[in-house]
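Below is one structure, written out as structure tokens, with a few remarks after it.
Just so it is clear, none of the values below were taken in a lab; they were calculated from the coordinates. Here the structure is a predicted model, which means the values were calculated and not measured. Cβ atoms come from the backbone with ideal geometry, glycine included; neighbour counts cover every protein chain shown.
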Amino acid sequence: MARPYQKANIPGPEMGTSVTDPQVMANLLKIPKKKVFVIGPEALTWEVGGKKIVDLYVEIANKIDCDVVSTGHAYGYLKDKIDLKRLHDMSLINIITRLGDENWTGFDGQGQYNMAIFGGHIVFYISQGLSKLKNFTNWLKTIDLDKYSHPNARFSLPNLSDEDWKEFLEALIAKL
């Protein structure tokens, strides 16, 4: 397992797994569960190899055909790239609170989500949200696709260089 990106992030007895193989991550994302992908504003500024991370996340979201929540100011960019029936604008705190509410029926009114995928968020901010979901839900699997190891996510990437991150995400997209 990779070390947490934040040294003081000691999550307790239950720690998530770092996924190093894009095929394994693709298999996880293909599991037939009700999914939501929460894309944050940092994805608009992070670039690898001249490509915005948000564009890689859009490809993933479109391939797994899930609801997408834009947080911060990401909506303006995503509204032209994601089907508006699947795109929702909400703060990170709000979506984490809803995902942690067992009575929330999702954006479609058909029931709570089983999987939440995150990307494009400040490390210390998302880490706390993932901690809440890990400790107070038993129905939700969490995945973080940023280049940092998140022990509070059920599955995340190990700490990666920008080049390794780009290669991982491109291989993941090819395998979906």
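So which lysines can residue 35 reach, going by Cα to Cα under 22 Å and dropping same-chain residues fewer than 8 places off?
Correct list for residue 35: 63, 79, 81, 85, 132, 134, 141, 147, 175.
Just one of (i) 19.0, 55; (ii) 14.8, 42; (iii) 20.6, 71 is Rg and Dmax of the Cα atoms in Å as worked out from the coordinates here. Which one is it?
(ii)
Binned at 10 Å from 0, what are the whole-percent values of the Cα-Cα distance distribution for the range 66-159, short to long?
Reading upward from the zero bin: 16, 49, 32, 3.
Any chance you could check the Cα centroid distance between the range 119-176 and the range 35-109 for me, in angstrom?
14 Å
Rg and Dmax of the range 132-176, using alpha carbons, in Å: what are they?
12.3, 35
Between 32, 158, 41, where does the largest GNM mean-square fluctuation fall for the chain, given springs only between Cα atoms within less than 10 Å?
32
What is the sum of charges, Lys and Arg at +1 and Asp and Glu at -1, for the other residues whose Cβ falls under 13 Å from the Cβ of residue 96?
Taking every Cβ under 13 Å from that of residue 96, the sum is +1.
Applying 1/(1 + (r/R0)^6) with R0 = 22 Å to the Cβ-Cβ distance of residue 21 and residue 52, what FRET efficiency is obtained, to the nearest 0.05?
0.35
Please quote Rg/Rh for the range 56-112 to two decimal places, taking the Kirkwood radius as Rh and restricting both calculations to Cα atoms.
My calculation of the ratio gives 0.97.
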